[in-house]
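The values are calculated or read from the model by the stated rules, or taken from the named source; none is laboratory data. Just so we're clear, the structure is a prediction, and the values are computed from it rather than from any experiment. Accessible surface areas use protein heavy atoms only, side chains included; no ligands, DNA or RNA. Shrake-Rupley method; radii C 1.70, N 1.55, O 1.52, S 1.80 Å.
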Amino acid sequence: MSAADQIFAMLKESSQSGAPLYLQLRRSIEEAVNRGLIGPGDALPSERDIASKADISRVTVRKAVQDLVKGGILVQRHGSGTFVAPRMERVEQSLSRLTSFTEDMARRGMNVRSVWLDRGLYAPSPDEMMVLGLSSTELVARVARLRIANDTPLAIERAALSANVLPDPEAIGSSLYAALETTGNRPVRAVQRISATNLGDADARLLEVPPGVAGLQIERISYLASGKVIEFTRSVYRGDAYDFVAELRLTGPGEELRP
């Protein structure tokens, strides 16, 4: 039995659920992908073929396929058709260590590169003034990069630092933390806030995913050993490729967790 036939067989089974037809079809295609009946890069039958064989309208087929494209299960290539999306190798990053993206990926043996989106000195925003302790007359150094590992865009990092700490953003090489270390300003601890987000058009285009898909939004405030804030970073990570892992320990009687 071909993959297409198995999709239709599953569709016939799910027809007794009473769910809308496009949901039944979407679930049948997704199940076929999850079971490996159709793998990454495999072409989906055309809308016309699916509609004809399943005896449903092409509008219904299109709605099911578009839902799966938005969910990152399928990809559409203009003039070529619809295909099962490449399977992403998920990356795990520990929340117990403060490392740079470059260092973290290098430990995994991954080839890392960045595409600079912005490097310059600007008047600080209200948030930057508050977090970095800047006055309205001081400048902030902003560096924004698309972070890529093994040719897969994983994250967009937008960092802000006092211009006194980073007077020449153009001088940064492959690692911001390496540049800060040369001046004795590498952070030693950080507080991160992680939240769910749906990627907007611009970020989705850079990360090569459909607009609106799930992502991770991370706000990080980094500190020197003296307790001074050195870095304020807001990043967006692909939700289908990145996992953050934290180790939790139970404290004993009278013990307190240190921040």
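Label region 91-245 by shape, choosing from rounded, prolate and oblate, from the square roots a ≥ b ≥ c of the eigenvalues of the Cα gyration tensor; if a/c is under 1.5 it is rounded, and otherwise prolate applies when a/b is larger than b/c, oblate when it is not. Prolate, because a/c is 1.5 or more and a/b exceeds b/c. The 1.4 Å probe gives accessible areas that order Y22, Y122, largest first, as Y122, Y22.
Between A171 and R77, full extension at 0.36 nm per residue minus the direct alpha carbon distance yields a gain of 29.9 nm. Ligands, DNA and RNA are left out, and with a 1.4 angstrom probe the accessible area of region 91-245 is 49 Å² per residue. F232 sits with roughly 10 Å² accessible to a 1.4 Å probe, with DNA, RNA and ligands left out of the calculation.
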